[in-house]
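> Below is one structure. I have some questions about it.
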Amino acid sequence: MKLKSTFKNLATLLVLIITSSVFAQDGFQGQATYMSKTTMDMDNFGGRELSPERKKMIMERMKTMLEKTFILDFNKTESTYKEDEALEAPGGGRGFMMGGMAAGTIYKNVKENLLLQDQEFFGKQFLIKDSLVKLDWKMSGESKQIGKYTAFKATATKKVDAADWTNMRRRGNDKDKKEDDKKEVAEVKKDSTKTDAPKDPFEDIEIPEEIEVTAWYTMDIPVNSGPGEYWGLPGLILEVNAGRTTILCSKIVMNPSDKNEIKKPSKGKEVSMEEYQDTVKKKMEEMREMFRSRGGRGRN
């Protein structure tokens with residue numbers, strides 16, 4: 001029994017030595033593939049009056065926007081995260097499109113505490129340059145298996161920015177929503193001659209200030225990185241659950257033969273994250289005003 005225990009300890013030590021030597025290499029690089037899926041409630045986007053068949057058809061068309069594949073190329077201090085070009089939707093256009101936004105490359109450098117992101121917004125190219133946002137991760141000690149890797153759970157609270165359309169929601173809870181529906185139907189029946197323009201679809205929509213984030217990371221790959229803007233754990237983040245979005249690692253290749261160059265994005269007007277979010281807020285308000293004016297309020 002003692003001999004068996006000694007052999008097991010030696011085997012574990014050997015694995016640790018081999019793993020450490022791999023990550024100690026100057027030219028070390030890894031590549032991780034992530035599947036990202038976002039669920040969406042059509043009621044939050046003016047779909048409350050649509051038939052179930054119509055909603056289903058729209059959701060099928062939006063599937064390519066809500067379900068995507070991304071590639072994370074990483075070394076010990078840097079990483080780039082971008083949509084898999086081989087799987088982009090036909091017709092051109094990189095990244096996802098929603099409300100005039102097209103996401104490009106997210107570059108992180110944990111050594112320099114630097115975030116760079118090239119972002120297209122309504123035909124204008126921006127280069128967002130800012131410090132990395134460090135989440136206050138809470139370790140739970142809970143673990144699970146993701147592929148061949150042992151992953152550990154960590155949670156944090158994240159502020160939601162103005163451009164995060166994925167977390168848009170109807171104001172109030174489900175009970176309030178049902179009561180609002182009843183009131184709206186009653187008002188229509190009471191005044192069937194009402195000729196005002198349609199209600200602003202954004203009026204009852206809000207973006208929460210904060211959301212809970214759950215991440216699963218593995219110390220088998222001791223790099224301080226992960227998908228998107230996520231980082232700050234003692235191992236590669238393999239899974240993220242944040243709001244309506246789940247990001248799950250489906251494949252990892254260590255020291256691939258064909259390495260993608262990890263380079264900083266450089267195109268676009270340089271702005272801070274706060275400046276970019278202000279631009280998005282102004283555009284969203286502009287769109288709301290356009291909707292109100294086109295609705296022809298006050299017509300007889």
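The values are calculated or read from the model by the stated rules, or taken from the named source; none is laboratory data. Model, not experiment: these values are computed from the prediction. In this analysis, Cβ positions are derived from the backbone assuming ideal geometry, glycine residues included, and neighbour counts consider all displayed protein chains. Areas reflect the complete protein model, heavy atoms only, side chains present, ligands, DNA and RNA absent. Shrake-Rupley method; radii C 1.70, N 1.55, O 1.52, S 1.80 Å.
> Does any residue of region 269-279 turn out to be over 23 Å from residue 104 (Cβ atoms), out of contact with any strand residue (DSSP E or B) (no Cβ under 7 Å at 6 or more places or on another chain) and open to solvent by 70 Å² or more (accessible area, probe 1.4 Å)?
The first filter runs over region 269-279 and keeps only residues over 23 Å from residue 104 (Cβ atoms), leaving none.
No, every residue in region 269-279 fails to be over 23 Å from residue 104 (Cβ atoms), out of contact with any strand residue (DSSP E or B) (no Cβ under 7 Å at 6 or more places or on another chain) and open to solvent by 70 Å² or more (accessible area, probe 1.4 Å).
> Exactly one of (1) touching a residue at least 60 places away in the same chain (Cβ under 8 Å); (2) out of contact with any Leu (no Cβ under 6 Å at 6 or more places or on another chain) is unmet by residue 257. Its number?
(1)
> Continuing with the same structure: Assess whether residue 239 counts as being touching a residue at least 24 places away in the same chain (Cβ under 8 Å) and touching a Cys at 6+ places or on another chain (Cβ under 7 Å). Explain how you work it out, then say what you get.
Values: touching a residue at least 24 places away in the same chain (Cβ under 8 Å): yes; touching a Cys at 6+ places or on another chain (Cβ under 7 Å): yes.
So residue 239 passes the test.
> When you scan region 228-265, how many residues do you find that are within 17 Å of residue 211 (Cα to Cα) and touching an Asp or Glu at 6+ places or on another chain (Cβ under 9 Å)?
So the answer is 6.
> Tell me which residues, restricted to region 218-256, are of a type in the set (Gly, Ala, Ser), in a loop (DSSP other than H, G, I, E, B) and in contact with a Phe, Trp or Tyr (Cβ under 9 Å, 6 or more places away or on another chain).
225, 226, 228, 232, 235
> Exactly one condition in (1) surrounded by 14 or more Cβ atoms within 10 Å (Cβ to Cβ); (2) modelled with pLDDT under 95; (3) among the hydroxyl-bearing types (Ser, Thr, Tyr) is false for residue 266; which is it?
All conditions pass for residue 266, except number (1).
> Here is a further query. Considering 282, 263, 259, 267, which residue is more than 23 Å from residue 31 (Cβ to Cβ), in a loop (DSSP other than H, G, I, E, B) and not aromatic (Phe, Trp, Tyr)?
Working: 282 fails: in a loop (DSSP other than H, G, I, E, B); 263 fails: more than 23 Å from residue 31 (Cβ to Cβ); 259 fails: more than 23 Å from residue 31 (Cβ to Cβ).
None of the others qualify; the one that does is 267.
> Return the only residue of 144, 199 being part of a strand (DSSP E or B), basic (Lys, Arg) and either farther than 30 Å from residue 281 by Cα or at pLDDT below 90 (or both). Let's see the steps before the verdict.
On the way: 199 fails: part of a strand (DSSP E or B).
Just one listed residue meets the conditions, 144.
> May I pose another question? Confirm whether residue 245 is open to solvent by 20 Å² or more (accessible area, probe 1.4 Å) and among the polar types (S, T, N, Q). First the steps, then the outcome.
Details: open to solvent by 20 Å² or more (accessible area, probe 1.4 Å): yes; among the polar types (S, T, N, Q): yes.
Yes; evaluated as a whole, the condition is true for this residue.
> Checking the structure you have, find out if any residue of region 100-110 is closer than 30 Å to residue 146 by Cβ, surrounded by 19 or more Cβ atoms within 10 Å (Cβ to Cβ) and at pLDDT below 90.
Within region 100-110, one or more residues are closer than 30 Å to residue 146 by Cβ, surrounded by 19 or more Cβ atoms within 10 Å (Cβ to Cβ) and at pLDDT below 90.
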